[in-house]
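Step one of this worksheet: look at the structure below.
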Number of protein chains: 2
Amino acid sequence: MRAVDLVVKKRNKEVLSRDEIAYLINGYVDGSIPEYQISAWLMAVFFCGMSREETGHLTDVMIQSGTVFDLSGIAGPFVDKHSTGGVGDKVSLILAPLVAACGVPVPMMSGRALGHTGGTLDKLESIEGYTTALSMDRFRDVLSEAGYAMTGQSADVVPADRLLYALRDVTGTVESVPLITASILSKKFAEGSDALVFDVKCGSGAFMKTNAQARELAESLVETGDALGKRVVAVLSAMEQPLGHMVGNFLEVEESIACLHGSVGSRSLQPDARSADLMEVTLRLAAWMLVLGGKCSSVEQGCELAGQKLDDRSAWRRFVHNVELQGGDPAVLERRYQNWRAPESHTITAADAGYVEHIDAYKVGMAGVYLGVGRNKADDDVLPHVGIEIHTKRGSRVGCGDALCTIYAAGEQALQNALPLLEQAFRVGPGPVQQLPIILQEISNL
Amino acid sequence: MRAVDLVVKKRNKEVLSRDEIAYLINGYVDGSIPEYQISAWLMAVFFCGMSREETGHLTDVMIQSGTVFDLSGIAGPFVDKHSTGGVGDKVSLILAPLVAACGVPVPMMSGRALGHTGGTLDKLESIEGYTTALSMDRFRDVLSEAGYAMTGQSADVVPADRLLYALRDVTGTVESVPLITASILSKKFAEGSDALVFDVKCGSGAFMKTNAQARELAESLVETGDALGKRVVAVLSAMEQPLGHMVGNFLEVEESIACLHGSVGSRSLQPDARSADLMEVTLRLAAWMLVLGGKCSSVEQGCELAGQKLDDRSAWRRFVHNVELQGGDPAVLERRYQNWRAPESHTITAADAGYVEHIDAYKVGMAGVYLGVGRNKADDDVLPHVGIEIHTKRGSRVGCGDALCTIYAAGEQALQNALPLLEQAFRVGPGPVQQLPIILQEISNL
């Protein structure tokens, strides 16, 4: 077998066999096939695509390139959720303890903020002492005890993905649906999940800007999961405005706590602290996870069970237990709740009375990058206590001078950089605005 | 400027500017841009193509990557010919002295055999003592004295082409018309040609198998030449059967001598030693070169002048003069003429009487590779005195047992390897065969 012949085969729109894909990927990982042949192959895949079976082979070969989590001895099945990334998307922080509280264990492997989108690991690490760098043994222990555990991708899990992603990033081959699919699925299945629920975000604040793009990725994830014999559900959800009220690291931990608990210590929540959009997405994803985990026979039943576990604070107790097990201090958390804010703040107000027509999630996300919520480059630092509190959501009625959002910045310069983006992000118009659905479509291979 | 952005731009089917192309190519040559980004860009070019202007910029940037021949002081204009490669294609050996004899100087840069096609340098070097490795000064001297000089590509001429070609070869990006165009034109213009005639071969023995492919390349060569302000003519010629009667290195020198001279020493030529197809292509290309060189005002006039210079042996004398100047010994040449053959020989005969319907040039060329006429890999050695003598051409009437071709091999194994290919190459049928044109089309920017 010669790498160049496989590049030509793909370039000529033919389908590669499992052995051929394994030859390329394993040769790339072990250094016997040079980067310039792999990058040519990646560009050929960009133009010619891959069949579902091919994408399945690629995913499987990538999984086999490194350590596969061994969760034997812990009662499964294990169900995880993955979001394609959005602004204000703190769903994982609420969902994992909620599903665990319903009796389905969640081994969750999350990512970091990049570009305008936030990262679950960065949010969790804004909790004093909380660590997401768990050994395999510790991960198993936390999963057994709290019913869920949160970690990042370790170097020995799917090394092929790290190498391929780094190469795709510098060769213009990131935006390929089969390559994105294999990257996501390989990581998720290598961590030991038996079934997966995807939150495929769609809109200005997502990577997939249009419904057609989001649906293409969702179908690829579900059908490739099928080719691998795994159950996969993809929920397409709107990402035109930020999800919930908070965009920041600790700010989003706060909003998650508010959703899980309802009130913390002596402070009571504001009336709409549980954002309708955030709760609807979270409960829907939880319900699907409960169906995949064999706990409920329908999504409706799943929603009902999840609602109970939220209301009786079982989910909240799981969260506190997990925070303790992963090194966080609940007392510090409670003390900081609604108190920990970066020093420079500014509130943007409505120039006229009217209705909020649009809150551009991309612009809010980019303002977050300026503030230090997210990163421009993978090795940038993030700040815990900066961000944006959104006081009104799309469709809300506002009076002249009413607060639209408050910015919390570490310094005057960051504030000045973020301000114009946020001023542009909000659009207030004279008339009422039609509500849009948050759940756009659901695709599954069940 | 970042290489990845230029890869994405091309991937998105946009047109790169001259500065952008220069950034990529110069960065590749100086090592500041890695191979994996260039190979991704090459694959993007494979799928998205390049505009004529872009191809012109690429050609020009490649020319500027190295030494440009300085032919000042020698009376021009200089016209060269390039063939896209065929089987039995010894046209350059006849054409260069012929055009020089007509008064148009020819600085000719040629290539080596690769795959099933032969190479002019390998043929010339089968002449005892003949060297194609000329210094710039020596090249100028030979060109001045004999009116033409024959050399190969030196390391300091268009280094970008050697680097790019080596990368294309291992990344499945050879078959791209704009990349082929820039590769050919950059080398030809860097050697100092003012105008070019292309022999674009078309058929089983050529790289371009169909008329449409050949026409696409011809148009690209002519139009890119136009974008560079250079006059270019492309002659599409048939390459279904081998050109002429000989396929081999010294065998083709012999056939060239026969065409230039008519007889050598005491031996007289066989009646059809000047193959009609070989002479028609050679005279047509010569005529165009005479038009481009300002010597004749029409192709018809060019054909007439070239015919005269062939008949009065001026072209032959130029050839002998050049052989002497480039280190060859005409006495050895004459002694070996029709005498120097590899030791193992075998003649294939017709099993039935009939007409030669087809002689598959590709199979003859591949048989040549087995014999040592050509190469599988660029660093293989070739042999001077092996090859195939074709006794009958397409359309000829043959009796049962008549000789179709004779194989000359250095050893029994090579003979046995070549034999089945040659047996398959000839097809004899019962009825007369319609003659096909050798010149298929002519495209020019004059």
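The values are calculated or read from the model by the stated rules, or taken from the named source; none is laboratory data. Everything numeric in this text was worked out from a predicted model, so none of it was measured. Ideal geometry is used to build each Cβ from the backbone, glycine not excepted, and the neighbour counts take in all protein chains shown. Side chains included, ligands, DNA and RNA excluded: accessible areas come from the protein's heavy atoms. Shrake-Rupley method; radii C 1.70, N 1.55, O 1.52, S 1.80 Å.
Dipole of the stretch A:251-370, Cα-centred, from +1 at each Lys and Arg C-beta and -1 at each Asp and Glu C-beta, to the nearest 20 debye?
Dipole about the Cα centre, nearest 20: 460 debye.
How charged is the neighbourhood of B:LEU325? Take every other residue with its Cβ under 14 Å from the Cβ of B:LEU325, and add Lys/Arg as +1 and Asp/Glu as -1.
It works out to a net charge of -1.
Share of the stretch B:79-335's accessible area from carbon and sulfur, percent, 1.4 Å?
Here it works out to 49 percent.
Total accessible area buried between chains B and A, 1.4 Å probe, in Å² to the nearest 100?
Summing both sides, the interface buries roughly 1700 Å².
Run the 1.4 Å probe and let me know the accessible area of B:SER396, rounded to the nearest 10 Å².
For B:SER396, solvent-accessible area is about 40 Å².
Select from A:ALA214, A:ALA306, A:ALA378 the residue whose mean-square fluctuation is largest in a Gaussian network model of chain A (Cα-Cα springs shorter than 10 Å).
For chain A, modelled as a Gaussian network with Cα springs under 10 Å, the answer is A:ALA378.
Indicate the gyration tensor shape class of the stretch A:79-335 (rounded, prolate or oblate), computed on the Cα atoms with a ≥ b ≥ c the square roots of the eigenvalues: a/c under 1.5 is rounded; otherwise a/b larger than b/c is prolate and the rest oblate. Write out the running numbers ahead of the final one.
Details: a/c = 1.41, a/b = 1.35, b/c = 1.04.
Taking the square roots of the gyration eigenvalues as a ≥ b ≥ c, the stretch A:79-335 is rounded.
Quick one: putting +1 on the C-beta of Lys and Arg, -1 on the C-beta of Asp and Glu, what dipole do you get for the protein assembly as shown around its Cα centre, in Debye to the nearest 20?
Around 680 debye, computed over the protein assembly as shown.
Specify the angular offset, from 0 to 90 degrees and rounded to the nearest 10, of the alpha carbon long axis of helix B:91-101 from the longest principal axis of the alpha carbons in chain B.
Its long axis makes an angle of about 80 degrees.
Add +1 for every Lys or Arg and -1 for every Asp or Glu among the other residues with Cβ under 14 Å from the Cβ of A:LEU440, and state the total. Write out the running numbers ahead of the final one.
Numbers: positive: A:LYS201, A:LYS209, A:ARG215, A:ARG284; negative: A:ASP199, A:GLU216, A:GLU219, A:GLU240, A:ASP277, A:GLU280, A:GLU442.
Around A:LEU440, the charge tally is -3.
Are there any residues in the stretch B:44-60 with a reduction of at least 50 Å² in accessible surface when going from the isolated chain to the assembly of protein chains? Probe 1.4 Å, please list them by number.
Checking the loss per residue gives B:PHE47.
List, shortest first and in nm to one decimal, how far the label point of A:GLU175 (7 Å from Cα along Cα→Cβ) is from its counterparts in the other copies.
For A:GLU175, the other copies' label points sit at 2.8 nm, shortest first.
What's the angle, to the nearest 10 degrees (0 to 90), between helix B:159-170's Cα axis and the longest principal axis of chain B?
Rounded to the nearest ten degrees, it is 70.
Treat every Asp and Glu Cβ in chain A as -1 and every Lys and Arg Cβ as +1, leave all other atoms uncharged, and give the resulting dipole magnitude about the Cα centre to the nearest 20 debye.
So the magnitude is around 340 debye.
Counting only protein heavy atoms and a 1.4 Å probe, tell me what percentage of the stretch B:3-49's accessible area is made up of carbon and sulfur.
45
Per-residue ellipticity at 222 nm for chain B, helices alone: DSSP H runs ≥ 4 residues times -39500 (n - 2.57), over residue total, nearest 500 deg cm²/dmol?
-14000 deg cm²/dmol
For label points placed 7 Å from Cα toward Cβ, what is the shortest-first list of nm distances from B:GLY31 to its copies?
Nearest first, the other copies' label points are 1.9 nm away.
Rank A:LEU415, A:LEU185, A:LEU285 by mean-square fluctuation in a GNM of chain A with C-alpha springs under 10 angstrom and give only the top-ranked residue.
Looking only at A:LEU415, A:LEU185, A:LEU285, the largest GNM fluctuation is found for A:LEU415.
Taking 2.2 N^0.38 Å as the expected size of a compact globular protein, what ratio does the Cα radius of gyration of the protein assembly as shown give against it, to two decimals?
Taking the Cα Rg and dividing by 2.2 N^0.38 Å, one obtains 1.26.
Accessible area per residue of the protein assembly as shown at 1.4 Å probe, in Å²? Walk me through the intermediate numbers first.
Details: 32930 Å² over 892 residues.
That works out to 37 Å² per residue.
Quick check: Cα centre of the stretch A:1-28 to Cα centre of the stretch A:191-258, how many Å?
31
Hey, which of these cross-link pairs are over 22 Å Cα-Cα: B:LYS90/B:LYS393; A:LYS9/A:LYS209; A:LYS188/B:LYS10; A:LYS230/A:LYS295; B:LYS13/B:LYS230; B:LYS201/B:LYS363? Show your work: numbers first, answer last.
Details: B:LYS90/B:LYS393 17 Å; A:LYS9/A:LYS209 32 Å; A:LYS188/B:LYS10 33 Å; A:LYS230/A:LYS295 17 Å; B:LYS13/B:LYS230 27 Å; B:LYS201/B:LYS363 16 Å.
Pairs exceeding 22 Å: A:LYS9/A:LYS209; A:LYS188/B:LYS10; B:LYS13/B:LYS230.
Could you please report the charge total around A:TRP41, scoring K, R as +1 and D, E as -1 over all other residues with beta-carbon less than 10 angstrom from its beta-carbon?
+3
At each listed q (0.11, 0.18, 0.24 Å⁻¹), what is the log10 of I(q)/I(0) that the Debye formula gives for the stretch B:57-142 modelled as equal alpha-carbon point scatterers?
Computed log10 I(q)/I(0) values: -0.37, -1.00, -1.37.
On a 0 to 90 degree scale, rounded to 10, what angle separates helix A:299-311 from the longest Cα axis of chain A?
The answer is roughly 50 degrees.
Got the A:PRO420 label distances to the other copies yet, label 7 Å along Cα→Cβ, in nm, shortest first?
7.4
Would you mind listing how long chain B runs along its three principal axes, going by Cα atoms, in whole Å with the largest first?
Principal-axis extents of the Cα atoms in chain B, largest first: 69, 46, 38 Å.
Compute the accessible area of each residue in the stretch A:154-170 twice, once for its chain alone and once with every protein chain present, using a 1.4 Å probe on heavy atoms, and list those whose area falls by at least 20 Å².
A:VAL170
Please work out whether the stretch B:249-373 counts as rounded, prolate or oblate from its C-alpha gyration tensor, where a ≥ b ≥ c are the square roots of the eigenvalues and a/c under 1.5 means rounded, while otherwise a/b larger than b/c means prolate and anything else oblate?
Values: a/c = 2.00, a/b = 1.33, b/c = 1.50.
In terms of gyration-tensor shape, oblate.
Just the number, please: carbon plus sulfur as a percent of the accessible area of the stretch A:344-429, 1.4 Å probe, no ligands or DNA/RNA counted. Write out the running numbers ahead of the final one.
Numbers: 1650 of 3680 Å².
Summing carbon and sulfur atoms, their accessible area is 45 percent of the total for the stretch A:344-429.
So which residue, out of A:GLY294, A:GLY365, A:GLY85, gets the largest mean-square fluctuation from a GNM of chain A using Cα contacts under 10 Å as springs?
Residue with maximal mean-square fluctuation among A:GLY294, A:GLY365, A:GLY85: A:GLY294.
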